[in-house]
Amino acid sequence: QVQLVESGGGLVQAGGSLRLSCAASGRTFSSNFMAWFRQAPGKEREFVAAISRSHGTYYADSVKGRFTISRDNAKNTVDLQMNSLKPEDTAAYYCALTYRITPPERGTQVDYWGQGTQVTVSS
């Protein structure tokens with residue numbers, strides 16, 4: 001079993017920044033990718049960013065150049081630095097872990113989820 005606990009969400013004005021953190025515990029040693037997904041009200045959960053154990057990174061086009069994902073393998077943590085936030089970034093953000101050897105592009109490719117943290121960007 002794996003437990004993922006997110007922190008760092010909140011309310012910010014458009015153009016501002018937030019940093020999300022996720023701490024993983026349990027059977028994490030064989031996992032490859034950690035990722036962030038988000039879900040806005042009435043919409044499907046969508047991929048935001050992923051990072052491999054060797055620190056290869058992947059981003060959705062909508063956040064490329066604004067968000068940065070990073071991880072600390074020794075501490076089993078993954079962070080998402082979000083800059084130049086827009087109202088359309090408002091969503092619940094979920095930390096995800098997968099044992100896949102390729103980055104997860106859909107929620108069905110995720111093995112474990114965190115409980116989610118809310119990010120609200122006001123205009």
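For region 1-86, state which chymotrypsin sites (Phe, Trp or Tyr not before Pro) are in a DSSP loop and have at most 16 other beta carbons lying within 10 Å of their beta carbon. Provide the component values of the computation, followed by the final result.
On the way: sites: Phe29, Phe33, Trp36, Phe37, Phe47, Tyr58, Tyr59, Phe67; in loops: Phe29.
Passing both the DSSP loop test and the Cβ count: Phe29.
Can you pull the percent of region 62-123's accessible area that's carbon plus sulfur, 1.4 Å probe, other chains left in place?
Working: 1450 of 3000 Å².
The computed percentage sits at 48.
Express the accessible area of region 52-123 per residue in Å², computed with a 1.4 Å probe while the remaining protein chains stay in the model. Walk me through the intermediate numbers first.
Working: 3660 Å² over 72 residues.
Each residue of region 52-123 exposes 51 Å² on average to a 1.4 Å probe.
Tell me which residues come under 5 Å, amide H to amide H, from Val48 once H is placed; ignore anything under 5 positions away on its chain.
Sorted by chain and number, the residues that satisfy this are Trp36, Phe37, Arg38.
Compute the length gained on full extension between Lys43 and Gln13: take 0.36 nm times their separation in residues and subtract their Cα-Cα distance, giving the result in nm to one decimal. Present the calculation step by step, with values, prior to reporting the outcome.
Details: separation 30, 0.36 × 30 = 10.80 nm, distance 2.21 nm.
That works out to 8.6 nm of additional length.
With a sphere of radius 14 Å drawn around the Cβ of Tyr99, what net charge do the other residues whose Cβ falls strictly inside it have (Lys, Arg +1; Asp, Glu -1)?
Working: positive: Arg27, Arg53, Arg100; negative: Asp111.
Once all neighbours under 14 Å are counted, the net charge is +2.
Roughly speaking, what is the stretch gain from Ser21 to Asp111, that is 0.36 nm per residue apart minus the C-alpha to C-alpha distance, in nm to one decimal?
Gain on stretching Ser21 to Asp111: 30.5 nm.
Could you work out the Kirkwood radius for the chain, taking every pair of different alpha carbons, averaging 1/r and inverting it, reported in Å?
On the way: mean 1/r = 0.0707 Å⁻¹.
About 14.1 Å, per the Kirkwood formula over Cα pairs.
What full-extension length gain, to one decimal in nm, is calculated for His55 and Asn73 as 0.36 nm per residue of separation minus the Cα-Cα distance? Show your work: numbers first, answer last.
Values: separation 18, 0.36 × 18 = 6.48 nm, distance 0.94 nm.
Gain in length upon complete extension: 5.5 nm.
The values are calculated or read from the model by the stated rules, or taken from the named source; none is laboratory data. Note that the structure is predicted; figures quoted are calculated from it, not measured. For neighbour counting, all protein chains shown are included, and Cβ atoms are generated from backbone atoms with ideal geometry for every residue, glycine included. The accessibility values were calculated without ligands, DNA or RNA, using every heavy atom of the protein model including side chains. Shrake-Rupley method; radii C 1.70, N 1.55, O 1.52, S 1.80 Å.
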